[in-house]
Amino acid sequence: MKDNIYVHLLKHRSFMAFWGATTFLRLASNILQFALAIYVLDLTGSAFVYSTVLSIIILPRILCSSLAGYLADFRDSVRILRWGTFSLVSLMTAFLTIHIFATALNVPLIYVLVSCLELCETFLAPTEGKTLLCIVTEEEIAPASKISSLDDGVVEILAPAVASGFYGWLGLSGILGITIALEIIAFLLAVQIRKRKDLGTAAKDAAQVRFSLRNIGIAYQNVFLCLKEHPYVLGIILFAPLFNFFINPLFSIMVPYYFRVTLQTDVDMYAMFHIILGGAGLLAPFLSVGLINDRQEYKANKAGTVISAAVLLCLSGILYIGDGRISANVKVYTMIGAMALLVMVVTIMNIATSITIKKHIPGQIMGRVITIIQLCATISVPLGQLFYGICTDKFSVSVSCLISVFGLAAAFEVMVRTYREIDRQ
């Protein structure tokens, strides 16, 4: 069985439906993010204003994360996935109607759009992790996580190509239309998902828990009690916030500003950059199959952190020394190469961390812990984007890269302590 586990998963109807639904949802989200980045930067020309648009997502995440994690653990996760996807279709249809027949989307309307999208994704994030556990067996978790990540690179390649094509041809209306079409496909696939029949009585008992604010509070108290029994969980929770604060803004703030404002590159160059990143992301999951063995995901995380810091340190030095001495084309290609390598390393680390979460966090609190991780990660994203937005407006990009190097040093220390505690227990 072990030798054919990947073949078995590829024939698993519910797993393939789950994989397809989440893939199309990510593709739709990435296409929309790519287009909104160009749209907002073209409207304002400010990295800080663009960062505030991205930072607004913190509000729905703070308000609804606890409820999302509770529902993932105590309600039918497959049903939540279906309704969440249907809600995204309805939301995008409403905004397409507004954009075409009422008024073109401006910055305030984009604030509302991004907030509503994040509200839907807040409920979907913990549900996806819990749904996978309801579909595959324990021995299939790691292989299923690796297979699920194989589409990341494809999404990264297709998203900029599709977004730049539709944005240049039909503008934001075309982007909203293709997003709706992809989300409809995701919904139809989500309808095909079926849970395992051998889940036992725990899942059925959880579904009988009465919904109330008191029960939500008790549920999260149990999570914090579990942290005392498994202190390494706290370290796992810190992985995402640290990387989101110090790495995410490099891609979402620094690079778009550097390309579109500093170097004034065209949309095609920016699209090519994302396509190359997608190629790197496509290669990384295949490498992870061989690099991340059954019990060695910690090596991938620790080595990846060191490599990422080294790449950013070299990039910072090259851009600083070459300021005024290197042509714009050389700077662009240097940035593309460094970011592509960074994407490859971080993608492998994401797969390793996903395996760590699903293997070492107790299943009965999985949804709530993923919610806490997502909440901490989401809070760190706008804080990092605002911080790097200010740095990008005031200083050179070499300074932003150097700051990330120091942040990765802190992340490395957390990882070493966390995996040491996992080994001890």
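Rule-based calculations on the coordinates, nothing more; no lab input. Keep in mind that what you see is a predicted model, and the values were worked out from it rather than measured. Cβ: placed from backbone, ideal geometry, glycine included. Neighbour counts: every protein chain shown.
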Say each of Val306 and Ile56 gets a label point 7 Å from the Cα, pointing the same way as Cα to Cβ; how far apart are those two points in nm? 4.4
27 Å Cα-Cα reach of Lys197 towards lysines, excluding residues that sit fewer than 8 places from it in its own chain: Lys2, Lys11, Lys130, Lys146, Lys358, Lys359
Starting from the Cα gyration tensor of the range 383-423, multiply each eigenvalue by 5, take the square root, and state the resulting semi-axes largest first in whole Å. 29, 10, 4
Would you kindly state how much longer the chain becomes between Leu287 and Ile321 on full extension, computed as 0.36 nm times their sequence separation minus their alpha carbon distance, in nm to one decimal? 8.9 nm
Across every pair of different alpha-carbon atoms, what Kirkwood hydrodynamic radius in Å does the range 115-187 reach? 14.6
Among 77-84, 12-19, 24-31, how do they line up by average Cβ neighbours within 10 Å per residue, starting with the highest? 24-31, 77-84, 12-19
Dividing the mean separation of Cα pairs under 8 Å (6+ apart) by the residue count of the range 4-118 yields a relative contact order in percent of 31
Segment Glu413-Thr262, extension gain: residue separation times 0.36 nm, minus the distance between their alpha carbons: 50.9 nm
Per-q log10 I(q)/I(0), the range 1-41, q = 0.18, 0.25, 0.34 Å⁻¹ (Debye; single scatterer per alpha-carbon; no solvent): -0.61, -0.79, -0.99
Peptides 401-408, 95-102, 330-337 ordered by average Cβ neighbours within 10 Å, highest first: 401-408, 330-337, 95-102
Using a 7 Å offset from the Cα along the Cα-to-Cβ direction at both Arg13 and Cys314, what is the distance between the two label points in nm, to one decimal? 5.0
Based on the alpha carbon coordinates of the range 53-183, what radius of gyration and maximum Cα-Cα distance (Dmax) apply, in Å? 16.8, 53
Kindly list the residues of the range 168-184 that lie in the label zone of Thr97, defined by a backbone N under 19 Å from the point 7 Å along the Cα-to-C-beta vector. 173-184
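Rank by packing, highest mean first: peptides 33-45, 241-253, with packing defined as the count of other Cβ atoms within 10 Å averaged across residues.
Numbers: 33-45: 18.5, 241-253: 22.8.
So the peptides 33-45, 241-253, ranked by packing, come out 241-253, 33-45.
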